[in-house]
Amino acid sequence: RVVGDPLLVRAGQGMVPTPRALELREEVGALLRGCDNVLRPGAGFEAVHLQRTFTVQTTELLLVGVAGALTDRIHREAPLVDVVFLPEAVEGGPALRQGWVDVELGVLGDLDPEIQTRQLAQRPLVGIARSGHPLFDGRIDARRFAAADHIGISRLGKRYGPIDSALAERGLRRRTAVVVPSHTSAMMLARTTDLVALTLTDWLPDTTAALGLRTFPIPLDLDPIPLGMAWHPRNATDPAHHW
């Protein structure tokens, strides 16, 4: 009815196409393939042809550890994809909901209720200090650990955290002599002073050694740091975002 032609007519026990049907066959086939590509999630997706910028919000400590390997892999598989890394300053806000950030990576908290998450790893904290620090002259127990002057790492200037709570349970208290906003500045400060900082276990060992720093187990019962990633459900079925 639409094309003004019967398209298929009876021929004995079967059906045969009309000349008009034969004319339309290739065009209709292309249209159906196009509809399939539109309606089937991920149809035709190839990362090598993707031209897009993704925005990742992450902590500085994770950034310096994963950015190099991540961008190398992305540029091998999708040479037209760029990545923008944002600091924790946007954490705890509506960045994922508003679409300002594609993926949040790190310690997740204060997320909007619809945000989807996946746990990636759990990493214990360790102490870090210059190789010649007096702490390394003997066994590092809780009392000697608490007696050292510490570097706090907080972009909000917080001085109290889980380590202070664990020390308080033992009747101990540490002095947080300096608070800095990033792990990089904490490591730079620790390498030239007798201040003690914190980092993740087995994280950037070559960099730690090159800076003349040394890590040690924290003599307290502390929960490992949970690391995860979060994204908004608007992207859950997007093949490029999923890739």
(message) Between Asp221 and Thr192, what is the label-point separation in nm under the 7 Å Cα-to-beta-carbon projection?
(response) 4.1 nm
(message) Sort 101-113, 189-201 by packing, meaning the average of other beta carbons within 10 Å per residue, with the highest value first.
(response) 189-201, 101-113
(message) Please list, in order along the range 139-153, the HN-Hα scalar couplings obtained from phi with the Karplus expression 6.51 cos²θ - 1.76 cosθ + 1.60 (θ = phi - 60°), rounded to whole Hz, x for Gly and Pro.
(response) 5, 8, 9, 4, 5, 5, 4, 5, 6, 6, 7, 10, 9, x, 10
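Nearest 5 is fine: what % of DSSP beta bridges in the range 128-243 come out antiparallel, could you say?
Details: 4 of 10 bridges.
Counting DSSP beta bridges with both partners in the range 128-243, the antiparallel share is about 40 percent.
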(message) When a/c reaches 1.5 or more, the comparison of a/b and b/c decides; with that in mind, is the range 190-243 rounded, prolate or oblate per its Cα gyration tensor?
(response) prolate
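Would you mind calculating the relative contact order of the range 97-216 from Cα pairs under 8 angstrom and at least 6 residues apart, reporting the percent as a whole number? Show your work: numbers first, answer last.
On the way: 144 pairs, mean separation 43.2, N = 120.
Once divided by the residue count of the range 97-216, the mean separation gives 36 percent.
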(message) Suppose only helical runs count, i.e. DSSP H with n ≥ 4. What mean residue ellipticity at 222 nm does that imply for the chain under -39500 (n - 2.57) per run, divided by all residues and rounded to the nearest 500 deg cm²/dmol?
(response) -9000 deg cm²/dmol
(request) May I ask you to derive the FRET efficiency for Arg170 and Leu70 from their Cβ-Cβ distance with R0 = 45 Å, giving the value to the nearest 0.05? (result) 0.65
(message) Is there a quick way to get the dipole size of the chain? I mean about its Cα centre, with the Cβ of Lys and Arg at +1 and of Asp and Glu at -1; what is the value in debye to the nearest 20?
(response) 380 debye
(request) Please give, to one decimal in nm, the separation of the simple spin-label points placed at Val179 and Ala47, each 7 Å out from Cα toward the Cβ. (result) 4.1 nm
(message) Taking θ = phi - 60°, what integer Hz values does the Karplus form 6.51 cos²θ - 1.76 cosθ + 1.60 yield along the range 197-212, in sequence order, with x for Gly and Pro?
(response) 10, 10, 8, 8, 5, 6, 9, 6, x, 5, 5, 4, 5, 5, 7, x
(message) Using +1 at the C-beta of Lys and Arg and -1 at the C-beta of Asp and Glu, which of Leu86, Pro224, Gln119 has the Cα lying farthest in the positive direction of the dipole of the chain?
(response) Pro224
(request) Could you do me a favour and compute the accessible area per residue for the chain, 1.4 Å probe, result in Å²? (result) 62 Å²
(message) Can you give me the distance in nm between label points at Asn235 and Arg143, each placed 7 Å from the Cα along the Cα-to-Cβ direction?
(response) 5.1 nm
(request) Once you have a ≥ b ≥ c as the square roots of the Cα gyration tensor eigenvalues for the range 150-195, tell me rounded if a/c is under 1.5, and otherwise prolate or oblate according to whether a/b is larger than b/c. (result) oblate
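Using 0.36 nm per residue, how much length does the chain from Leu111 to Met15 gain when fully extended, once their Cα-Cα distance is taken away?
Working: separation 96, 0.36 × 96 = 34.56 nm, distance 6.07 nm.
The Leu111-Met15 span can extend by a further 28.5 nm.
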(request) Run through the DSSP bridge list for the chain and note the antiparallel percent, rounded to the nearest 5. (result) 60 percent
(message) With the cut-off at 1.5 for a/c, could you classify the chain from its C-alpha gyration tensor as rounded, prolate or oblate?
(response) prolate
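The values are calculated or read from the model by the stated rules, or taken from the named source; none is laboratory data. This one's a predicted model, so the numbers in the text were calculated from it and none came from an experiment. As a convention, Cβ positions derive from the backbone with ideal geometry for all residues, glycine included, and neighbour counts pool all protein chains shown. With ligands, DNA and RNA removed, areas are computed over all heavy atoms of the protein, side chains included. Shrake-Rupley method; radii C 1.70, N 1.55, O 1.52, S 1.80 Å.
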